[in-house]
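Quick notes on the structure that follows.
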Amino acid sequence: MLIGGGVAFGPKPRDFSTKLPRKVIQMGMRVALSAKLRDQKLGVMTQLSWPHGKTKHLAQRIDHLGMRKTLFITGEENPPASLERAIRNIEKVKLITTDKLDVYQLLKWPRVVLDLKAVSYLERTFRKDVPIAPVPITNETL
């Protein structure tokens with residue numbers, strides 16, 4: 001008996017969250033990247049850099065190229081400070097590194113632009129080694 005009344009078997013805080021297996025996450029990344037490529041919404045640049053730290057000039061350039069609503073992904077651990085500073089205040093544009101990339105980010109943004117280091121990182125990380133069986137060659141005709 002509880003003094004003053006109460007609930008005998010009241011709710012207890014529990015954590016019902018589950019963690020997806022690593023292979024499922026990798027498959028999701030492969031599918032998301034393939035879908036962007038198929039829809040021609042995936043672009044590659046040699047490098048992501050910007051000489052000025054001014055947002056105004058970069059915003060004009062992005063508007064001129066029609067690249068609003070774009071996620072820029074760099075393979076470098078520390079993106080160039082001038083680019084990061086310039087892109088930070090532009091609406092509907094984001095710069096992230098490959099280690100912060102997830103399936104949600106790929107699906108959320110309509111367009112994705114990678115640099116070459118990001119492409120090599122993604123190829124190395126998400127490639128699927130599937131053995132190909134050799135096809136026997138015979139001289140027989142059907």
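The values are calculated or read from the model by the stated rules, or taken from the named source; none is laboratory data. Only a predicted model underlies this, so the values are computations on that prediction, with no experimental measurement involved. Please note: Cβ atoms are built from the backbone with ideal geometry, for glycine as well, and neighbour counts cover all protein chains shown. With ligands, DNA and RNA removed, areas are computed over all heavy atoms of the protein, side chains included. Shrake-Rupley method; radii C 1.70, N 1.55, O 1.52, S 1.80 Å.
Worth a mention:
- Value of relative contact order over the chain, rounded to a whole percent, pairs C-alpha under 8 Å and six or more apart: 29
- Around the Cα centre of the chain, unit charges on the Cβ atoms of Lys, Arg, Asp and Glu (plus for the first two, minus for the last two) sum to a dipole of about 500 debye.
- Accessible-area rank, largest first, for ARG111, ARG38: ARG38, ARG111, with all protein chains present and a 1.4 angstrom probe.
- Mean-square fluctuations from a GNM of the chain, with a 10 angstrom spring cutoff on Cα atoms, peak among LEU114, LEU106, LEU65 at LEU65.
- Here the scattering of the stretch 80-142 is modelled by Debye summation over its C-alpha atoms, one equal scatterer each and no solvent; at q = 0.12 Å⁻¹ the log10 of I(q)/I(0) is -0.50.
- Accessible-area composition of the chain, carbon plus sulfur, in percent [1.4 Å probe]: 57
- Out-of-range pairs (alpha-carbon distance over 32 Å; input LYS69/LYS128; LYS54/LYS128; LYS54/LYS117; LYS56/LYS128): LYS54/LYS128; LYS56/LYS128
- Antiparallel content of DSSP bridges confined to the chain, in %, to 5: 0
- FRET efficiency, ILE96 to ARG22 (Cβ-Cβ, R0 25 Å, nearest 0.05): 0.75
- Measure of compaction for the chain (Cα Rg per 2.2 N^0.38 Å): 1.65
- Global geometry of the stretch 35-76, whether rounded, prolate or oblate, following the gyration tensor of its Cα atoms and the 1.5 cut on a/c: oblate
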